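In what follows, a single structure is set out as structure tokens and then discussed.
The values are calculated or read from the model by the stated rules, or taken from the named source; none is laboratory data. What you are looking at is a predicted structure, and each value in this text was computed from that prediction instead of being measured. Backbone-built Cβ (ideal geometry, glycine too); neighbour counts: all protein chains shown. Surface areas here come from the heavy atoms of the whole protein model, side chains and all, with no ligands, DNA or RNA. Shrake-Rupley method; radii C 1.70, N 1.55, O 1.52, S 1.80 Å.
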Amino acid sequence: LQGDWSSDVCSSDLDEVRESDALIHVVDATHPRFAEQMKVVEETLGELGAEDRPTLLVFNKIDQAAGPEVIAALREEYSGAAFVSALRGIGLGGLRKKIVALVESDFIESILCIPVADAGAIAHVKKVAQIVEEDYFVPEGSDDGHPVARLHVRFARKHERDRSEEHTSELQSPCNLV
């Protein structure tokens, strides 16, 4: 790690960064060397193998910046960033929207069909996904008459691999058993 602050960073904090699905990078807009600090953070993320994480850049203390022209220039250069004053509550609504968009940008929707007899697979999907809609049916033309759960789910991309793992070995997607 580089920079004067590195000795103050706990290893547990670095583990949190490594394991995170998304990051929020907060920059003090009033600091005279914020660009250097941003570079150090980016380099550190690279060293941690976290440079590919979806990241929201947030400039804080916009109410204390050198002037509106400074903020205007930052908005132009960093158009996807959020600009806030945490102390005065400026821009927090926009920040909330950007955080939700950041997290949801990694979500996938799918319809999965799982034999009801495979309760472990259904439980696993319910553990790692949001169930949007759920119904049960016996597929037409089914020789065995076993019911199937049809689950319309939203889940983080990192759980996509669960479709082929042990818990969901009989999963069929897309659901083509109707």
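Solvent-accessible surface of the range 113-163, averaged per residue with a 1.4 angstrom probe and all protein chains in place: 57 square angstrom. The three principal axes of the Cα atoms in the range 8-142 give end-to-end lengths of 71, 32, 24 Å, sorted in falling order. Mean separation of Cα pairs under 8 Å and 6 or more residues apart, divided by the residue count, gives the range 1-132 a relative contact order of 20 percent.
Under the simplified labelling scheme, the Asp144-Lys39 pair shows an inter-label distance of 6.2 nm, with each label point 7 Å from Cα along Cα→Cβ. Note on the range 27-81: Cα-only Rg and Dmax are 12.3, 36 Å. Approximating the spin labels as points 7 Å out from Cα along Cα→Cβ, the Val26-to-Arg88 distance works out to 1.8 nm. So, R0 is 25 Å and r is the distance between the beta-carbons of Ala66 and Arg96; what FRET efficiency does that work out to, to 0.05? Using R0 = 25 Å, I get an efficiency of 0.40.
Annotation: amide H-H contacts under 5 Å for Val116 (H modelled 1.01 Å from N, sequence separation of 5 or more, or interchain): Val148, Ala149.
Spin-label model, Glu19/Ile131: points 7 Å from Cα along the beta carbon direction are separated by 2.7 nm.
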